[in-house]
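The values are calculated or read from the model by the stated rules, or taken from the named source; none is laboratory data. Here the structure is a predicted model, which is why all the values come from computation and not from measurement. Quick reminder, even Gly has a Cβ in these numbers, built from the backbone with ideal geometry, and neighbours come from all protein chains shown.
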Amino acid sequence: MSRKIKWGVIGSGGIAKRRTIPEGILKADNAELTTVFDIDAQVNAEVAKNFDAKQAASISDLQEADIEAVYIATPAHLHGDQVRACAKAGKHVLCEKPLGMTVVEAQEMIEVCEQMGVKLGCAFMMRFVAQHTEALELIRDGKLGRLTYARAQLSCWYPPLEGAWRQDPATGGGGTLIDMGGHCIDLLEMFFGKVAKVNCFINNTIHDYKSEDSAVAMLFFENGAIGTVDTFFCIPDNSSKNVLELYGSRGSILAKGTIGQAPAGEMVAFLEQDGNGYDAQQARTEAQGIVIAPEPVNTYQAEIEEFSRAIIDDREPLISGELGLRSQKVLTACYESARSGKVIEVG
């Protein structure tokens, strides 16, 4: 029988209850749920009962449990202290994004984990979407030619809610840009490489909470390609198709619904043959393109299995703390651009 990593969860309500525990930890072939903690004792009791886990009365109680790894799914402003505490207790940590509230805090989280000899991962689970994996292979194989433009969209309707931590930058670090735009930027860097500089606008277009409900960022990549990320808390769910568009000198990959929590969406590649010359008519054909529809992968199961495997193999996780730090650097530049009205280089 293969080894299974024993997992604990901090923040057992929310995404952990809905997705990561039932779809990830419970279904992973190399993981098992042991102990859960949430500041809401009633929610934690329900989660423990539903998923046959032990209830921890506190974070320190959970750290003393027989676990090897901790999944942290609490509000963003708590990530730093909780990651540091778990690392000092000798536990490997998979932390939801954002990895801390600032670049400095993310760096400190990485340093503590390194000092304590534990793994640190950041939960950019959309990297595991099977269609995204195939799109990346096409790009690496040069099928799009020289990369030119990318767009990633993720929006929803998120009205004012009392106590919603994403609606206050003091608890969420920002609004739609850091919460959903972080996923989009990370995906585009996976496909196109590092962003060199950004120009960003944020706004409260509809909702009047403290965090932004609207954000558009223009990205200039180190390879010369350009990209945009548009993400809103004020567009009805069914009106935003979570579009992904990847363009190059030899074709494109266009998708709907691959960005998000679902395991799959629709994706089509339009690839040109070599030697096409200039067409003054700029004729467009109705070609159907190449449908990209691999067997769907549950992204929550994939991220838990990958992190557990990194522990077992004693290697760096594929989605490491360094990627979480990288995300913070780009997001920090975006917010500085929105504040100053200037193009900002990514540090």
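Listed values, structure above:
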| read-out | value |
| --- | --- |
| From the options 136, 94, residue that is in contact (Cβ under 8 Å) with a residue 12 or more places away in the chain and under 29 Å from residue 211 (Cα atoms) | 94 |
| Checklist (1) at pLDDT 95 or above; (2) under 19 Å from the mean Cα position of the chain (by Cα); (3) closer than 26 Å to residue 330 by Cβ applied to residue 14, failing item | (1) |
| Total residues in the range 64-82, condition part of a loop (DSSP other than H, G, I, E, B) and in contact with a Ser or Thr (Cβ under 8 Å, 6 or more places away or on another chain) | 5 |
| Flag for residue 54 being touching a strand residue (DSSP E or B) at 6+ places or on another chain (Cβ under 7 Å), assigned by TED's automatic domain parsing to the domain that holds residue 120, without any contact (Cβ under 8 Å) to a residue 24 or more places away in the chain and surrounded by fewer than 17 Cβ atoms within 10 Å (Cβ to Cβ) | yes |
| Residue in the range 34-44 that is within 24 Å of the chain's Cα centre (by Cα) and in a strand (DSSP E or B) present | yes |
| Filter pass, residue 179 being buried (at least 18 other Cβ atoms within 10 Å of the Cβ), farther than 17 Å from residue 322 by Cα and touching a Lys or Arg at 6+ places or on another chain (Cβ under 6 Å) | yes |
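Yes/no matrix, rows are residues, columns are (1) closer than 22 Å to residue 231 by Cα; (2) crowded, with 22+ Cβ neighbours inside 10 Å; (3) in the same structural domain as residue 186 (by TED's automatic domain parsing); (4) of a type outside the set (Ser, Thr, Tyr):
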{"site": "291", "(1), (2), (3), (4)": "no, no, yes, yes"}
{"site": "295", "(1), (2), (3), (4)": "no, no, yes, yes"}
{"site": "305", "(1), (2), (3), (4)": "no, no, no, yes"}
{"site": "310", "(1), (2), (3), (4)": "no, no, no, yes"}
{"site": "318", "(1), (2), (3), (4)": "no, no, no, yes"}
{"site": "323", "(1), (2), (3), (4)": "yes, no, no, yes"}
{"site": "334", "(1), (2), (3), (4)": "yes, yes, yes, yes"}
{"site": "338", "(1), (2), (3), (4)": "yes, yes, yes, yes"}
